[in-house]
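The block underneath contains the structure these notes are about, expressed in structure tokens.
Rule-based calculations on the coordinates, nothing more; no lab input. The shown structure was predicted, so the numbers you read here are calculated from the model rather than taken from an experiment. No Cβ is skipped: glycine too gets one built from the backbone with ideal geometry, and neighbour counts run over all protein chains shown.
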Amino acid sequence: MSEPPAGVPHVLVVGAGFGGLRCVRALAHAPVRLTLVDRTNHHLFQPMLYEVATSVLGANEIAAATRHLFRHQRNVAVHMTGIERVDLAAKCAFDGEGRATRYDWLVLAPGVVTDYFGHADWAEHAPGLKSLDDALVVRRRVLMAFERAEITPDPAARRALLTFVIVGAGATGVELAGAIGELANFTLRHDFRAIDPREAQVLLLDAGERVLPSFAPSLSARARRDLERLGVTVRTGVRVGDIGPGFVVAGDERIATEATIWSAGTRGAPLLGTLGTPLDRQGRAIVGPDGALPGHPEVFVVGDAAHVEDARFGTLPGVAQVAMQMGTHAARCIRADLDARPRRAFAYFDKGQLAVIGRGHAVLQVGPVRLAGFPAWIAWALVHVTFLIGFRNRVITMLEWARTYFFHRRAGRVIVGGD
Ligand SMILES: Cc1cc2nc3c(=O)[nH]c(=O)nc-3n(C[C@H](O)[C@H](O)[C@H](O)COP(=O)(O)OP(=O)(O)OC[C@H]3O[C@@H](n4cnc5c(N)ncnc54)[C@H](O)[C@@H]3O)c2cc1C
């Protein structure tokens, strides 16, 4: 494919996550010039972040350089920079250094950021899990806690070091808790002399009534049992009131801990606040049936950043399938505009949801189908390997999973850097 000449319409896509990537790919043969902007240089497979955070995989296995992914698509230029502001009237987006990019169509796919519900100071003590940097911080804190416990003679201090608190029992919290439970009970079991890693306490806290609230109650109950089997203590109906250096206040209890991880909330990317169009309570941009901003048919918001009402499913969840399908749909709308055809409304096709709970256990829900245990884990592994980008990543990931499954070994246990 040859480079489109200057003067052809310009589509600016912000965010190289699931939504942005799908949109750019779907416009590969369209008579447009594309610019894909992301503040990182990689596309990240977020559903497997917890595996980097718990040493199963290395960072390279779940990320791919965006520029490399589009090396053969001649109508796209990849720019690594952060967009700070959009001027809808001028059809212009500005990056942090004031560089302006004009567009004919704008596709915003910036995702969400971790939300501490008005307690920004908690971030320092309880990292979230949204980026590779986050995953490496969590990994370092978890591994460091065991290392420090090994050389700490005071029993109370040692106990605090071996107490891991995960706040939020959605899929991320459940997957993290299961993986840390397994790390303590199996992977590290023979590696220390002064401590027994099996004495570690993994607490999963949530203000709601059950873990995995988006799943059927029977699967939530199953996930809870599987977590408890891995030594995780699940406490639901408990609200976290404060987080500080070395402690978490949960209900009336003050828990001494040196490793707290926050997976309780997200809100729309700050960029959306510069649009001046309506946002929902979670800071996501409210879009019309075609995925475009009301009054601005040339601007689409896709994926986690969008608040979309679906006639069958209500408000769509922040999951990869929604982002991918919306990205493709935005591309279809742009093609329809180019051909002077009417746009179609976005219709979501629900492919179900999956969550993994330690080695060999998962829960799966597709429409009326409910599955738990090993068959669900196989489905989870197949789906994740299929959507993971890059042949090398798929092969290495499968080998590492096999190593973890059969020998409880984990590849990513080297501690580097500090936070
Ligand atoms: C730990 C974790 C586990 C998950 N597990 C699952 C799962 O099992 N199944 C599932 O379906 N979904 C899962 N999800 C959700 C899924 O990853 C998201 O729904 C999906 O990534 C959303 O895609 P997106 O394109 O909207 O945004 P993202 O994938 O978040 O991509 C947003 C991109 O925009 C970039 N960006 C943001 N702001 C700017 C800016 N101002 N300028 C330039 N670039 C910017 C970011 O760097 C990022 O690359 C999980 C998410 C997490 C965090």
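Odds and ends about this structure:
- Calculated FRET efficiency for the pair R71/D280, C-beta based, R₀ 41 Å, to 0.05: 0.65
- Inter-site label distance for D87 and A100 at 7 Å from Cα along Cβ, in nm: 0.4 nm
- Across the stretch 1-121, Cα pairs under 8 Å and at least six residues apart give a relative contact order of 33 percent.
- Considering only beta bridges that DSSP places wholly inside the chain, some 50 percent are antiparallel.
- Summed residue charge, Cβ within 14 Å of P317's Cβ, Lys/Arg positive, Asp/Glu negative: -2
- In this simple spin-label model, placing a label point 7 Å from the Cα along the Cα-to-Cβ direction at both F192 and F313 gives a separation of 4.2 nm.
- Dipole orientation for the chain: of the candidates L162, T397, I357, T397 has the Cα lying most toward the positive pole (charges on Cβ; Lys, Arg +1; Asp, Glu -1).
- With K and R counted +1 and D and E -1, the other residues having a Cβ less than 15 Å from that of P47 yield a net charge of -2.
- Each Lys and Arg contributes +1 and each Asp and Glu -1, all at the Cβ; summed about the Cα centre of the chain, the dipole is approximately 1160 debye.
- Proximal charge balance of I83 [Cβ under 15 Å; K/R count +1, D/E count -1]: 0
- Percentage relative contact order, the chain, counting C-alpha pairs under 8 Å, at least six apart: 19 percent
- The simple Förster model, with R0 at 35 Å and r as the Cβ-Cβ distance, assigns R341 and M144 a FRET efficiency of 0.05.
- Placing unit charges on the Cβ atoms of the charged side chains and taking the dipole of the chain about its Cα centre, the candidate lying farthest along the positive direction among G295, V78, A126 is V78.
- Acute angle (nearest 10 degrees) that the helix 132-150 long axis makes with the longest principal axis of the chain, alpha-carbon atoms: 10 degrees
- Difference of contour (0.36 nm per residue) and Cα-Cα distance, N60 to A156: 30.8 nm
- Rounded to the nearest 20 debye, the dipole magnitude of the stretch 262-331 is 200 debye, with +1 charges on Lys and Arg beta carbons, -1 on Asp and Glu beta carbons, and the Cα centre as origin.
- Within the stretch 55-152: Cβ-based charge dipole about Cα centre, in debye rounded to nearest 20 (Lys, Arg +1; Asp, Glu -1): 480 debye
- Dipole-positive endmost among A311, I378, V248 within the chain (Cβ charges, Cα centre): I378
- Among the GluC sites (Glu not before Pro) within the stretch 197-251, those in coil by DSSP and having at most 15 neighbouring Cβ atoms inside 10 Å are E209.
- If you take the Cα centroid of the stretch 237-314 and the Cα centroid of the stretch 1-68, the two points sit 22 Å apart.
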